[in-house]
1. Output the number of residues of the stretch 35-52 satisfying the condition of being more than 19 Å from the chain's Cα centre (by Cα) and surrounded by 13 or more Cβ atoms within 10 Å (Cβ to Cβ).
2. Can you tell me which of (1) among the hydroxyl-bearing types (Ser, Thr, Tyr); (2) open to solvent by less than 90 Å² (accessible area, probe 1.4 Å); (3) in contact (Cβ under 8 Å) with a residue 60 or more places away in the chain is the one Thr55 doesn't meet?
3. Answer with yes or no whether Gly105 is at pLDDT 80 or above, out of contact with any Pro (no Cβ under 6 Å at 6 or more places or on another chain), among the small types (Gly, Ala, Ser) and crowded, with 16+ Cβ neighbours inside 10 Å.
4. When the stretch 153-183 is examined, which residues are found to be closer than 27 Å to Ile34 by Cα and part of a strand (DSSP E or B)?
5. How many residues does the stretch 85-94 hold that are of a type in the set (S, T, N, Q) and crowded, with 17+ Cβ neighbours inside 10 Å?
6. If only one of Ser103, Ser71 is polar (S, T, N, Q) and in contact with a strand residue (DSSP E or B) (Cβ under 7 Å, 6 or more places away or on another chain), which one is it?
7. Taking the options Thr173, Thr147, Thr162, Thr177, name whichever one is open to solvent by less than 50 Å² (accessible area, probe 1.4 Å) and among the polar types (S, T, N, Q).
8. Give the residues of the stretch 59-84 that are closer than 19 Å to Met138 by Cβ and either open to solvent by 20 Å² or more (accessible area, probe 1.4 Å) or modelled with pLDDT under 90 (or both), sorted by residue number.
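The values are calculated or read from the model by the stated rules, or taken from the named source; none is laboratory data. Treat the numbers as computed from the prediction; the structure is a model and nothing was measured. Neighbour counts are summed over all protein chains in view; Cβ atoms, including those assigned to glycine, are modelled from backbone coordinates with ideal geometry. Each accessible area value is taken on the protein alone, full model and side chains, heavy atoms only, with ligands, DNA and RNA left out. Shrake-Rupley method; radii C 1.70, N 1.55, O 1.52, S 1.80 Å.
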Amino acid sequence: MASTLKINNLDTASGSTITIPTGKQLIGTDTNSIKAPGQIINVTGTVNTTGTSTTSSSYSTLFSHTITPTSASSKIFIVISIGGLYMNLGGNVNQSHWRIGRSIGGASDDVPANHNTNFHTEMGRNLTGTGTRANVDMTILDSPNTTSAIVYKVQCRIFTGTNGIKINDTAGTSTMTLFEIAQ
């Protein structure tokens with residue numbers, strides 16, 4: 001028969017640690033029952049192999065993924081890797097700007113996470129028009145202050161040039177991993 005101990009505060013008589021005996025475990029009943037600042041409490045991600053291109057001078061979403069934080073105080077650590085980036089569609093030199101966009105709770109505002117997430121500004125400067133390939137890696141720590149669903153987006157726009165860029169060219173793979181971190 002199991003017993004239940006109900007307390008409002010747990011403290012030690014001396015010292016600063018509470019010891020759990022060898023072979024015993026402290027188990028929470030859900031994701032919010034036991035957490036410490038800095039602990040990863042939720043991880044989700046996506047692997048994208050779809051060849052996607054853009055020729056737009058406005059930011060276009062190439063792929064996205066959603067996370068729903070368990071606490072409004074959580075931070076979201078975003079790790080993105082773009083594979084198979086082909087920067088010279090149609091044989092033209094293109095310069096591109098990249099960013100991480102964000103929409104909260106179904107809003108379509110595409111506000112960049114932390115308001116300044118431009119990566120690889122003018123990627124492609126001084127390249128020739130012959131099949132230039134590259135990778136784009138982006139990471140950022142976001143403070144969304146919500147428990148609503150958040151859609152993070154890989155976005156790109158053509159800065160100069162014509163005919164655009166393409167991701168996941170020649171069987172490339174792109175990934176996005178979202179880590180919710182307790183505060």
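1. Qualifying residue count, the stretch 35-52: 2.
2. (2)
3. Numbers: at pLDDT 80 or above: yes; out of contact with any Pro (no Cβ under 6 Å at 6 or more places or on another chain): yes; among the small types (Gly, Ala, Ser): yes; crowded, with 16+ Cβ neighbours inside 10 Å: no.
Spelling it out, it is not the case that Gly105 is at pLDDT 80 or above, out of contact with any Pro (no Cβ under 6 Å at 6 or more places or on another chain), among the small types (Gly, Ala, Ser) and crowded, with 16+ Cβ neighbours inside 10 Å.
4. Met176, Thr177, Leu178, Phe179, Glu180, Ile181, listed by residue number.
5. 2
6. Ser103
7. So the residue among Thr173, Thr147, Thr162, Thr177 that is open to solvent by less than 50 Å² (accessible area, probe 1.4 Å) and among the polar types (S, T, N, Q) is Thr177.
8. Residues of the stretch 59-84 that are closer than 19 Å to Met138 by Cβ, as a first pass: 59-67, 75-84.
If the condition is that a residue be closer than 19 Å to Met138 by Cβ and either open to solvent by 20 Å² or more (accessible area, probe 1.4 Å) or modelled with pLDDT under 90 (or both), then Tyr59, Ser60, Thr61, Ser64, His65, Thr66, Lys75, Phe77, Val79, Ser81, Gly83, Gly84 are the ones that fit.
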